[in-house]
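Since every read-out is calculated from the coordinates, none of them should be taken as a lab result. Bear in mind that the values here come from a model prediction, so they are computed numbers and not experimental data. Every residue, glycine as well, gets a Cβ built from its backbone with ideal geometry; the counts of neighbours run over all protein chains shown.
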Amino acid sequence: MKMPTLMIALLFLLFPAGALADDTRPDVPLPLAVVRGDIAAVKQHIATGADLNQRDTFGSTPLIIAAVFDRPRVAEALLAAGADSTLRDPQGSSPLHIAALLGRTEVVRSLLEGGADRYARSASGAMAFDYAAAPLREERAILDQLRDRLAPIGFRLDDIEVAAARPEIAQMLRSPASELRGVNLAPVKRVGFAVSTPEAEGLDPEPVAEMYRDAEALPRLFSLLLVKNGRLVAEKYFNEGGIDTPSLMQSVVKSYFSALVGVAHERGCLPDLDQAVVEFFPEYADRITDPRTSKITIRHLLQMRSGLPWEETDPVLWDKLVQDDNLQLLAEYALVNAPGGAFNYSNLSTRLLGVIVERACDTDLRTFAESSVIGPIGGVLGDWARDPQGQHHPVLEATARTHAKFGMLYLNGGIADGRRVIGKDWVATSLANYSDDVWVTLERKTRAGRYFRNLGYGYQWWQANVGNRRVNYASGHGGQLIVLIDELDLVLVITAYPAWLEHDGENWMHERSHLNLAGKFISLLP
């Protein structure tokens, strides 16, 4: 969360330190009355019909100020008089988000009693619970900045007190039991999948129901499935999603391509993963602009350690990538590091892997996928994008249940319905970690959303610590997920609006909301 600038400059300009020491005057401005916790002056403003939602120069409402300065009685009075708790600061955080972050227990209580929406997401896709549940160290820089700038006008914040308050606040922000009783978790159909219930499979139904209640507030979510012990225990479709509706998947498909490379390797089409990639693209061999490109191997592509650039970091690179005929970028792209030298996410890497399988095995990739993986697991594919030469892009459509079965395949060591589909060693190798320098976003963060921390990367599979567990997961643009929790024999699947070619702030908010939905659930599991 980026904290609001609040009154950092405004209060110093309009209300110098001397004014703060004066006796309260009937005409004291409302923002100053809130800062001081002067409930009498606040009520006078209410009685005279003041605009309780008016923003100051920096976009802060009186309720936001009350949350920052820990004025619960003021917040209570403002809410009772009709102040709007949904209004956000310029960074997209509501008063409830801010109060949870700062450990303002009584302000949180007042806001909830006043009807604040516990399910509302901030601009970073977090609910108030997600802020209260996070380790305090992650916001230490923000808290220190607030203390430095606002202490002269009455801001107080003690890290020990905040750390002690947050667990109570997090509990207050959990979904009430009354809202969980009506949540329907039952699988939509009993055919095509072994089904059960969370209780029958030893899974606490409360966090499951809470996850599905949280999901109801997400406008871009298509599906949410949970598989425990090989049985579908919860399934629901939202918005445009449906049980028989394949939805577009982008980077989740990277993990599918990894499986196809594994099958090709086991069948002998790709016997050597350390073979140079350029050997499969002789048409570009004499056009390579960076001599290091000739050192890239199949293994480097699988591990995202090829040195190829992350295309989203540069609009020019991205424009070239989204062209149908983009294989020539292998020759044109300048590497950002030597092959094998460092982790660097690359969409082109997965594209190359798919073409390598097609060429090495002399096959159509869809035919190969359906016969070797998708068919054996009982999956269903929709459309699959191709380039003008008929070679497949790593962008395809599949049903949510297909993703659940694909996750089960890896959780079960490559076996589906008692049949060996992928080698056990390939599964283990794919889910291992090969990089201690994994990052996401332009800021190179080592966590995704609020919960997926200490990221790692295998063969086109991500890893992360979530709560007290290490998970493997496939992740795609728009917040699509296949999460594997090995020690619980659990697969979680999210499909969502794919946000094709959309990379604005709103999209990232929705994407992180889905990550946080999954992360909160996993972190609550005993």
Taking the alpha-carbon centre of each part, the distance from segment 172-204 to segment 365-400 in Å is 31 Å
For the chain, what is the calculated [θ] at 222 nm in deg cm²/dmol (nearest 500), taking -39500 (n - 2.57) for each run of four or more DSSP H residues and dividing by its residue count?
-> -10500 deg cm²/dmol
Return the sequence-ordered ³J(HN,Hα) values of segment 257-271 in whole Hz as given by the Karplus equation 6.51 cos²θ - 1.76 cosθ + 1.60 applied to θ = phi - 60°, using x for Gly and Pro.
-> 4, 4, 4, 5, 4, x, 4, 4, 5, 5, 7, x, 5, 10, x
In nanometres, what is the gap between the two model label sites at Val380 and Ala194, each 7 Å from Cα along Cα-to-Cβ?
-> 2.2 nm
Would you mind calculating the gained length between Leu442 and Glu206 on full extension (0.36 nm times residue separation, minus the Cα-Cα distance), in nm to one decimal?
-> 81.3 nm
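Apply the Kirkwood formula to segment 441-526: the hydrodynamic radius equals the inverse of the mean of 1/r over all pairs of different alpha-carbon atoms; give it in Å with one decimal.
Every distinct Cα pair counted, the radius reaches 13.1 Å.
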Distance in nm between pseudo-label sites at Glu240 and Arg287 (7 Å out along the Cβ direction from Cα) = 3.4 nm
Could you let me know the centre-to-centre spacing of segment 401-420 and segment 213-248, using Cα atoms, in angstrom?
-> 18 Å
For segment 10-174, whose charge dipole is built from +1 on Lys and Arg Cβ atoms and -1 on Asp and Glu Cβ atoms, the candidate among Ala170, Val74, Gln44 with its Cα farthest towards the positive end is Ala170
Phi to ³J(HN,Hα) by Karplus 6.51 cos²θ - 1.76 cosθ + 1.60 over segment 72-78, Hz, x for Gly, Pro | x, 5, 5, 4, 4, 5, 5
Of all alpha-carbon pairs in segment 481-526, indicate the percentage at a distance above 11 angstrom.
-> 72 percent
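From the C-alpha gyration tensor of segment 10-174, pull out the three semi-axes of the equivalent ellipsoid (sqrt of 5λ each), sorted largest to smallest, in whole Å. Spell out each step's value before the answer.
On the way: eigenvalues 125, 68, 37 Å².
Output for segment 10-174: semi-axes of 25, 18, 14 Å.
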Take the chain, compute every pairwise Cα distance, and split them into 20 Å bins from 0; I just need the percent in each bin.
-> 21, 46, 26, 6, 0
In nanometres, what is the gap between the two model label sites at Gln54 and Glu506, each 7 Å from Cα along Cα-to-Cβ?
-> 3.1 nm
Hey, fewest Cβ within 10 Å first, where do Thr48, Thr105 land in order?
-> Thr48, Thr105
Segment Asp362-Leu136, length gained on full extension (0.36 nm per residue, minus Cα span) = 75.9 nm
How big is the charge dipole of segment 10-174 about its Cα centre, in debye rounded to the nearest 20, if each Lys and Arg gets +1 on its Cβ and each Asp and Glu gets -1 on its Cβ?
-> 200 debye
